[in-house]
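Notes to accompany the following structure.
The values are calculated or read from the model by the stated rules, or taken from the named source; none is laboratory data. As the structure is a computational prediction, the values presented were derived from the model and not from experiment. Every residue, glycine among them, receives a Cβ derived from its backbone with ideal geometry; neighbour counts consider all protein chains shown.
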């Protein structure tokens, strides 16, 4: 990264604007070129300065963050990173992502300088990733897509489990993928989505409302069965185990403790490969980092299959790139074709 990323900071607190500027200025590749105190002010500042990335609080008087994101995306797409407490409701964060925000970083509730500066690396990394997001992909979440029911005779009985890993851009990407899967999709689906604690249940509910399949935040000992999409709760790994009666169930655990993410795509994929062997189909979608590469290797070692989202449709081509460059991807597929590709293989 050698090009300077020009950033506008939007927050109603002058103190937070100052600290955010100090935080982002720690990177030699980021320059805060302007600030705004609310959504209305932000529209003017962004139009005048044309930044590469905007960081935006959500809870502001007058025109709040969600309203600003909606209006800005209508006027001109720009990568927006939400940096907010949003403590009273996860719904506001999900609305911001629906409106076109790239990602969300949670502010600490204690606004002491040292606490905010603790998140400097996360904010800098997220802003850098957002700067590379293709503007054509920054758009509001799609409306409900009615997936056709597929004749049972078409199913090849090749796989017993579909596992999906996704991070930055994931909330938007999954809303394009899961509603396109038919109600009679014949195998269970388990997903690791990197989100802060407290948001996966609300997200699962929104995705459920859009989908023919049942989407839930996974709970300990949930039965793993066709027709259900299990989203790993933020803060715990999702794995599988058979009970005494032979029924496959969800296991949620804090271990392993040394993973960069909790839940981890690697942990989910490894568990699926250990339990289902060659009858696992893994999918790695948009996201920063390389979570999923080691898990994809486990799936491939047991003769399962792995698909990756193509670079053209990723908000951040980090996780899929890691899998592709390791030689573990059977095919790279554009997001709008991914559901069809999954159904064809299943």
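Of note:
- Test: residue 221 is over 22 Å from the mean Cα position of the chain (by Cα), in contact (Cβ under 8 Å) with a residue 24 or more places away in the chain, part of a strand (DSSP E or B) and surrounded by fewer than 15 Cβ atoms within 10 Å (Cβ to Cβ): no
- Residues satisfying the stated conditions in region 318-328, i.e. buried (at least 24 other Cβ atoms within 10 Å of the Cβ) and more than 12 Å from the chain's Cα centre (by Cα): 320, 323
- Residue 273 being assigned by TED's automatic domain parsing to the domain that holds residue 157, surrounded by 15 or more Cβ atoms within 10 Å (Cβ to Cβ) and out of contact with any strand residue (DSSP E or B) (no Cβ under 9 Å at 6 or more places or on another chain): no
- Residues of region 305-346 that are over 24 Å from residue 103 (Cα atoms) and in contact (Cβ under 8 Å) with a residue 60 or more places away in the chain: 305, 340, 342, 343, 345, 346.
- Looking at 117, 135, just one residue is in contact with a helix residue (DSSP H, G or I) (Cβ under 8 Å, 6 or more places away or on another chain), at pLDDT below 95 and farther than 29 Å from residue 277 by Cα, and that residue is 117.
- Close contacts from region 11-26, counting a first residue that is in the same structural domain as residue 41 (by TED's automatic domain parsing) and a second that is in a helix (DSSP H, G or I) and modelled with pLDDT of 90 or more, with Cβ to Cβ under 7 Å and a gap of 6+ residues or different chains, come to 11/17; 11/20; 23/123; 24/123; 24/124; 24/127; 26/124.
- Set 110, 86: member being buried (at least 17 other Cβ atoms within 10 Å of the Cβ) and either at pLDDT below 90 or in contact with a helix residue (DSSP H, G or I) (Cβ under 8 Å, 6 or more places away or on another chain) (or both): 86
- Exactly one residue out of 299, 342 is crowded, with 21+ Cβ neighbours inside 10 Å, under 19 Å from residue 161 (Cα atoms) and out of contact with any strand residue (DSSP E or B) (no Cβ under 6 Å at 6 or more places or on another chain): that is 342.
- So residue 237, is it surrounded by 14 or more Cβ atoms within 10 Å (Cβ to Cβ), touching a strand residue (DSSP E or B) at 6+ places or on another chain (Cβ under 8 Å), closer than 16 Å to residue 275 by Cβ and in contact (Cβ under 8 Å) with a residue 12 or more places away in the chain: yes
- Residue 216 being in contact (Cβ under 8 Å) with a residue 40 or more places away in the chain and within 19 Å of residue 164 (Cβ to Cβ): no
- When region 23-71 is limited to residues that are part of a helix (DSSP H, G or I) and over 27 Å from the mean Cα position of the chain (by Cα), the one that is surrounded by the most Cβ atoms within 10 Å (Cβ to Cβ) turns out to be 45.
- Filtered by the rule that a residue be touching a helix residue (DSSP H, G or I) at 6+ places or on another chain (Cβ under 7 Å) and either modelled with pLDDT of 95 or more or not assigned by TED's automatic domain parsing to the domain that holds residue 315 (or both), region 249-266 gives 265, 266.
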